[in-house]
Ligand SMILES: [Zn+2]
């Protein structure tokens, strides 16, 4: 009843400027400790105000851990508002799964509310952010949303963890898994042992095709295989609905079919635009996923470049 009342009172999330702009998306409880706000499976635009990922929060005994608070001050505020619907406990930690700004530009507004918050990411993520990618993402989102994210400021990670590391926060036990370049050469997957649950970042998206401009098909496939081999109960993808291991298999199969087909036609001497019509039928299971029309041609070109590079390894 309490949560229903609160829900009615806060239909909109409030930005730092006090305007109510971003609709409040309902947090969904997916396991004992974990709530996920499943964002729209779209690209950032004026209407969604840049919100498109799956921010999550984990309720510990004394504090709350956030994963990927979205693309802006407004998404970060929405996460804070969603947490308040469930608990009064403070946010102590934030995990950022990778460098792409739609996942972590919500950090700063949370840090403003909780100045001592520990922000955790892979060392490669921090390095890329400091080398200018933080500002590039800030500018790109502002442009794509026609200024909706203009008040968004940057708060970078202040604790670095990588593959094989573990961390206990409160009563919550986390393991960090990372496999090569994967989706963005900065990715971590976060396993919450308490709930047999993995946050995959964009190594896995479900019912949504994601960009792979700075990734690797072969490493992303390996990352999926690693996630599958752990055989956990729940997987929270970077975009799209949470589910069991079948969502990871769907992502692995998309990448695997695409790369295997590209490699076959590359070996036959075909160029990317010649092989595209031959490959598309084998990817028909994915053709209705948002982003397919926009990304698949680019994915084929990127896979050709990767197959070419692989010749020299
Ligand atoms: Zn990404």
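From the list 225, 185, 267, the lone residue that is at pLDDT 95 or above, within 29 Å of residue 65 (Cβ to Cβ), away from the ligand (no atom under 14 Å from the Cβ) and out of contact with any strand residue (DSSP E or B) (no Cβ under 9 Å at 6 or more places or on another chain) is 225.
Could you tell me which numbered condition residue 207 fails, if it satisfies all but one of (1) away from the ligand (no atom under 13 Å from the Cβ); (2) part of a loop (DSSP other than H, G, I, E, B); (3) touching a helix residue (DSSP H, G or I) at 6+ places or on another chain (Cβ under 7 Å)? Only one criterion in (1) away from the ligand (no atom under 13 Å from the Cβ); (2) part of a loop (DSSP other than H, G, I, E, B); (3) touching a helix residue (DSSP H, G or I) at 6+ places or on another chain (Cβ under 7 Å) is unmet by residue 207, namely (3).
Within the set 290, 237, the sole residue that is within 16 Å of the ligand (Cβ to nearest atom), over 21 Å from residue 186 (Cβ atoms) and either buried (at least 18 other Cβ atoms within 10 Å of the Cβ) or modelled with pLDDT of 95 or more (or both) turns out to be 290.
Among the helices (runs of 4 or more DSSP H) contained in the range 51-149, which hold 3 or more residues that are over 27 Å from residue 212 (Cβ atoms)?
Fully inside the range 51-149 and qualifying: 73-86, 107-113.
Residue count for the range 141-159, restricted to those that are surrounded by fewer than 17 Cβ atoms within 10 Å (Cβ to Cβ) and touching a helix residue (DSSP H, G or I) at 6+ places or on another chain (Cβ under 7 Å): 5.
Of the residues examined, residue 162 is one that is more than 16 Å from the ligand (Cβ to nearest atom) and in contact with a helix residue (DSSP H, G or I) (Cβ under 7 Å, 6 or more places away or on another chain).
Please specify each residue of the range 63-74 satisfying the condition of being buried (at least 21 other Cβ atoms within 10 Å of the Cβ) and touching a residue at least 60 places away in the same chain (Cβ under 8 Å). Of everything in the range 63-74, those that are buried (at least 21 other Cβ atoms within 10 Å of the Cβ) and touching a residue at least 60 places away in the same chain (Cβ under 8 Å) turn out to be 65, 67, 68, 71, 72, 73, 74.
The values are calculated or read from the model by the stated rules, or taken from the named source; none is laboratory data. Computed from a predicted structure; not experimentally measured. Note that each Cβ is placed from the backbone with ideal geometry, even for glycine, and that neighbours are counted across all protein chains shown.
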